[in-house]
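The values are calculated or read from the model by the stated rules, or taken from the named source; none is laboratory data. Owing to the predicted nature of the structure, the values given are computational and were not obtained by experimental measurement. FYI the Cβ positions are ideal-geometry reconstructions off the backbone, even for glycines, and counts take in every protein chain you see. Ligands, DNA and RNA are stripped out before the accessible areas are found, and what is left, the full protein with its side chains, is counted by its heavy atoms. Shrake-Rupley method; radii C 1.70, N 1.55, O 1.52, S 1.80 Å.
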Amino acid sequence: MSSEEIRKSFLKFFQENGHAAVPSSSLLPDDPSVLLTTAGMQQFKKYFTGELDSEKDFGSKNTCSIQKCFRTSDIEETGDKTHLTFFEMLGNFSFGGYLKKEAIHFAYEYLTGVLGINRERITVTVFSGEGSVPYDQEAYDIWHKEIGIPADKISKHGRSDNFWGPTGNEGPCGPTTEIYVDGVEVWNLVFNMYYQKSDPSAGSGQAKLELLKTPGVDTGMGFERLVVMLQGVESVYDSDIFADLIKKINEVAPELKEREVRIFADHLRSSIFLIADGVRPSNKEAGYILRRLLRRILAYQVIYDVHADLFPIAHEFVKEKFGKIYPEVKDSKIMEVMIAEKSKFERAIANGISAVKKYEKISAAEAFSIYETFGLPFELVQELAPEKVAGVSREDFQKEFKKHQEISRAGAEKKFGGHGLLLDTGELKAKDEVELKKVTRLHTATHLLQAALRRVLGNEVSQKGSDITAERTRFDFAFSRKLTTDEVQKVEDMVNDIVEKDLPMNCVKMDKDEAKQTGALFFFKEKYPDEVNVYFAGHSLDEAFSKEFCGGPHVTHTAEVGKFKILKDEAVGAGTRRIRATVR
Ligand code: SER
């Protein structure tokens, strides 16, 4: 069976058995507790908790799906025969419809009846009972008595193997039964009965369990693994999911080793899917992951001197192979995003390589400084100069990262006295890490706002005051009349355009008078020391979109600001306007 036929057969089987087929949700989940979608059940969480009603939304208590998933934990592992960053997960779900009996029978029937897998090849596991959750006698009996799996092919395991719940997070969870073919796990059936309350003080595994409003079933079967098994090939890269792309990469880049070819194939496919779902390269969260995947490929191209342009080749392949089931991958913007990242990388790497060359040996602190200055991720320094960083592990690098974060936080606290507040400059206020992140984004947004106002309304605009909370920025400025709707829109668009461009936010220390010469804006009410920090958005001070005297903190790149929105424009006294704006 081709991979396409396998997908179809799965949906068909469950549809015929009373399930509504639901399209995959985005890799970027609505659920703020996860960075990227890692399981089929994520889009259905609210049906288990009773917040949403499956019958109302899908016309059935039971659904099935093929879900796009991404697991960041496997990035380092990619390149061997089994690990992938992006993968698809087949799943059937029930929200208060059926439970263990039907779930087990459906799975068995699909594997043996539809796919024709010989029952001799099958072994299963059930939950042995642990803590407050009892042994799953019922699942055992269904397998043994109803289906006839011999006792020696059913093993019992505790929480670490046969209990599924969201790691370190809140969500539905419960005991599982797993199905193995030739000793390889193919399908995980979760009987969701509980809701795991995240309780950091209790440590994971000890988290509080509450009974679920709508108990039900959540199953997940890794698609690629199933395809490998059914097609009898050695790895997913030999299956029809990847074979054409692997062939193409080998053709145009014969200098790559087998492991790198696999990394290319995996990362190219993943990146395209991430971009198709709206992820853009940046220095945080999902954007950072995307940047890492793309830059890893680009770095290998440099190392192996690969000149072929693999981005369009991969995009053609993904469109052809996956476009029918995931039409979003056909978006022509995908190539634009990849090309833009490539040119950014080329700048970074040119500077980074010459920096790396200057070192005999690179310590963790130096690797961090290379990262901070040139945006060259640690992995790349490792790949570019393995012998120079031989003694430094990823953990050492992470420690430097943490240390740096603590230093900047300590700096802010000391400087502003603390008083129970993490940060209070009179302009910015934040009481914890989360708020600090938000006000930092709003702070950069305020700089961009002032620069945009001056471009749209002229140099009459000058700052009269500002106040930033975690919800919004409030910016007062000198200007004699009300803004037109058109002008407000123009200003907003201009800020968003700079956000989209993802300019670096830089800072230089300068003599005060010299700083004034550069045209950097400063606030007349403020008394500045002889040496000042000038923050600017852009690659150089000369061409910066915005430059201001400022004590920080700011984001490192403008994309981190997020979508900017002007909420209100009003007058405060003669000749002074006030704009309230927020970021999303
Ligand atoms: N949520 C379970 C898993 O991810 C079953 O879908 O394995």
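Things worth noting here:
- Inter-residue pairs, beta-carbon under 6 Å, first over 20 Å from Gly287 (Cα atoms) and in the range 16-42, second in a loop (DSSP other than H, G, I, E, B) and away from the ligand (no atom under 15 Å from the Cβ), 6+ apart: Ala20/Gly59; Ala20/Ser60
- Scanning the range 310-339 for residues that are in a helix (DSSP H, G or I) and open to solvent by 70 Å² or more (accessible area, probe 1.4 Å) gives Glu316, Glu320, Pro327, Lys330, Lys333, Glu336, Ile339.
- Residues (crowded, with 21+ Cβ neighbours inside 10 Å and away from the ligand (no atom under 13 Å from the Cβ)) located in the range 213-226: Leu226
- Taking the criterion of being crowded, with 16+ Cβ neighbours inside 10 Å, within 23 Å of the chain's Cα centre (by Cα) and within 27 Å of His307 (Cβ to Cβ), the residues of the range 340-370 that qualify are Glu341, Lys342, Lys344, Phe345, Ala348.
- Enumeration of residues in the range 372-394 that are surrounded by fewer than 21 Cβ atoms within 10 Å (Cβ to Cβ) and in a helix (DSSP H, G or I): Glu372, Thr373, Phe374, Glu379, Gln382, Glu383, Leu384, Arg394
- Scanning the range 51-77 for residues that are open to solvent by 40 Å² or more (accessible area, probe 1.4 Å) and within 16 Å of the ligand (Cβ to nearest atom) turns up Arg71, Thr72, Ser73.
- Residue list for the range 204-246, restricted to those being hydroxyl-bearing (Ser, Thr, Tyr) and under 26 Å from Phe95 (Cα atoms): Ser204, Thr214, Thr219
- The criterion of being small (Gly, Ala, Ser), farther than 18 Å from Val190 by Cβ, part of a loop (DSSP other than H, G, I, E, B) and at pLDDT 95 or above holds for Gly18.
- Candidates in the range 93-119 are the residues that are over 20 Å from Gly222 (Cβ atoms) and out of contact with any Lys or Arg (no Cβ under 9 Å at 6 or more places or on another chain); of these, the one that is surrounded by the most Cβ atoms within 10 Å (Cβ to Cβ) is Lys100.
- Selection of the range 523-549 for residues being within 33 Å of the chain's Cα centre (by Cα), assigned to a loop (DSSP other than H, G, I, E, B) and surrounded by fewer than 22 Cβ atoms within 10 Å (Cβ to Cβ) yields Gly538, His539, Ser540, Leu541, Glu543, Phe545.
- Considering residues of the range 472-484 that are at pLDDT 90 or above and loosely packed, with under 15 Cβ neighbours inside 10 Å only, the residue nearest to Asp497 (Cα to Cα): Thr484
- Entry remark, the range 485-522: residues being more than 32 Å from the chain's Cα centre (by Cα) and open to solvent by 50 Å² or more (accessible area, probe 1.4 Å) number 9 in total.
- A count restricted to the range 14-45 and to residues that are within 15 Å of the ligand (Cβ to nearest atom) and open to solvent by 40 Å² or more (accessible area, probe 1.4 Å) stands at 3.
- Matching residues in the range 550-575 - criterion: being open to solvent by less than 30 Å² (accessible area, probe 1.4 Å) and modelled with pLDDT under 90: Cys550, Gly552
- Against the numbered list (1) more than 16 Å from the ligand (Cβ to nearest atom); (2) modelled with pLDDT of 90 or more, Phe48 comes up short only at (1).
- Which numbered condition His307 misses (of (1) in a loop (DSSP other than H, G, I, E, B); (2) without any contact (Cβ under 8 Å) to a residue 24 or more places away in the chain; (3) touching a Phe, Trp or Tyr at 6+ places or on another chain (Cβ under 9 Å)): (3)
- Scope the range 130-181; condition open to solvent by 20 Å² or more (accessible area, probe 1.4 Å), farther than 24 Å from Phe95 by Cβ and in a strand (DSSP E or B); matching residues: Glu130, Ser155, Lys156, His157, Tyr180
- Search result, residues across the range 139-191 that are at pLDDT below 95, more than 12 Å from the ligand (Cβ to nearest atom) and closer than 22 Å to Leu211 by Cβ: Gly158, Arg159, Gly168, Asn169, Glu170
- Count - residues of the range 251-266 that are within 17 Å of Phe311 (Cβ to Cβ) and assigned to a helix (DSSP H, G or I): 8
- Scanning the range 104-128 for residues that are free of Cβ contacts under 8 Å to residues at least 60 places away in the same chain and among the small types (Gly, Ala, Ser), we see that the one that is farthest from Glu260 (Cα to Cα) is Ser128.
- All positions within the range 449-474 that are part of a strand (DSSP E or B), over 32 Å from the mean Cα position of the chain (by Cα) and in contact (Cβ under 8 Å) with a residue 40 or more places away in the chain: Gln463, Lys464, Gly465
- The set of residues in the range 477-499 being touching a residue at least 60 places away in the same chain (Cβ under 8 Å) and under 17 Å from Ser546 (Cα atoms) consists of Phe477, Val491, Glu492, Val495, Asn496, Ile498, Val499.
- Among the residues making up the range 71-103, those that are touching a strand residue (DSSP E or B) at 6+ places or on another chain (Cβ under 8 Å), in contact (Cβ under 8 Å) with a residue 60 or more places away in the chain and in a loop (DSSP other than H, G, I, E, B) are Leu84, Thr85, Gly96, Gly97, Tyr98, Leu99.
- Residue in the range 207-226 that is free of Cβ contacts under 8 Å to residues at least 60 places away in the same chain, assigned to a loop (DSSP other than H, G, I, E, B) and closer than 30 Å to Ser132 by Cα present: yes
- Restricting attention to the range 226-237 and to residues that are farther than 14 Å from Met1 by Cα and not aromatic (Phe, Trp, Tyr), the residue that is nearest to the chain's Cα centre (by Cα) turns out to be Val236.
- Asp80 away from the ligand (no atom under 13 Å from the Cβ) and open to solvent by 40 Å² or more (accessible area, probe 1.4 Å): yes
- Number of residues in the range 241-264 that are under 27 Å from the mean Cα position of the chain (by Cα) and touching a residue at least 40 places away in the same chain (Cβ under 8 Å) equals 8.
- Unique residue being assigned to a helix (DSSP H, G or I) and under 27 Å from Gly352 (Cα atoms) when the list is Ile246, Ile297: Ile297
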